[in-house]
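Everything below concerns the one structure shown next.
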Amino acid sequence: MSPLCFIDTETTGLDPRIHQPYEVCWWREDEPEPRSAWLQHTLDHADRQALNIGGYWDRKGYAAMDGGWMRTEPPRTLALVLEGVTLVGSNPAFDAAMLTSYIGAPVWHHRMIDVASGAMWDRDGLDVATTTTGGRALRRTHRRRRRRRGVDRHDRTTRPEHRADHRPHPAG
């Protein structure tokens, strides 16, 4: 099996056709500690909200732009680091698409592990075998559990005591 590589990219937007990665962090399972690198980029077509979310201005990402003073990782070096690894992360397909546009070709293993979708595997006591058999089995299991607890799927009258921001619901 190929070595696992936990990966995360910060990008100038969400579309790999017009946006670029500007920072990548990775931790290969065969290395003692995680590494991070700035990537050469431009702000052509950059999404201001994406830059704010990634902390671009606070961490001085602009120093890695074309002609900037910050040392950047060349595509070839990054390709050697990621060659043959299995990418692991929250939506690694997005990271892979962004890195493919930077490196020029996918050099990692074609199968990736998405931890965000994997988090539901053990949710509510479900095991991986139940969730991988298909959506129907998963829906059937949840339906049975709701019936055992006396919850009707059409009952929308009950509300939690508090909202997500921990304030009580308004009266009504």
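Assorted remarks:
This table checks each residue for (1) open to solvent by less than 30 Å² (accessible area, probe 1.4 Å); (2) modelled with pLDDT of 90 or more; (3) not hydrophobic (A, V, I, L, M, F, W, C).
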position: LYS60; (1), (2), (3): no, no, yes
position: ALA64; (1), (2), (3): yes, no, no
position: GLY68; (1), (2), (3): no, no, yes
position: GLU73; (1), (2), (3): yes, no, yes
position: LEU80; (1), (2), (3): no, yes, no
position: GLU83; (1), (2), (3): no, yes, yes
position: LEU87; (1), (2), (3): yes, yes, no
position: PRO92; (1), (2), (3): yes, yes, yes
position: MET98; (1), (2), (3): yes, yes, no
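- ILE53 meets the stated requirement of being open to solvent by 70 Å² or more (accessible area, probe 1.4 Å), under 17 Å from GLY89 (Cβ atoms) and among the β-branched types (Val, Ile, Thr).
- Residue satisfying all of: in the stretch 31-49; hydrophobic (A, V, I, L, M, F, W, C) and under 15 Å from SER101 (Cβ atoms); surrounded by the most Cβ atoms within 10 Å (Cβ to Cβ) among these: LEU39
- Residue within the stretch 111-118 that is assigned to a helix (DSSP H, G or I), more than 18 Å from GLU10 (Cα to Cα) and at pLDDT below 85 present: yes
- Residues located in the stretch 72-92, provided they are outside any helix (DSSP H, G or I) and either touching a Pro at 6+ places or on another chain (Cβ under 9 Å) or under 14 Å from TRP108 (Cα atoms) (or both): GLU83, GLY84, VAL85, THR86, LEU87, VAL88, GLY89
The values are calculated or read from the model by the stated rules, or taken from the named source; none is laboratory data. Being a predicted model, the structure only gives us computed values, none of them experimental. Counting neighbours? That spans all protein chains shown, and the Cβs are built from the backbone with ideal geometry, glycine included. These area figures cover heavy atoms from the full protein model, side chains too; ligands, DNA and RNA do not enter into them. Shrake-Rupley method; radii C 1.70, N 1.55, O 1.52, S 1.80 Å.
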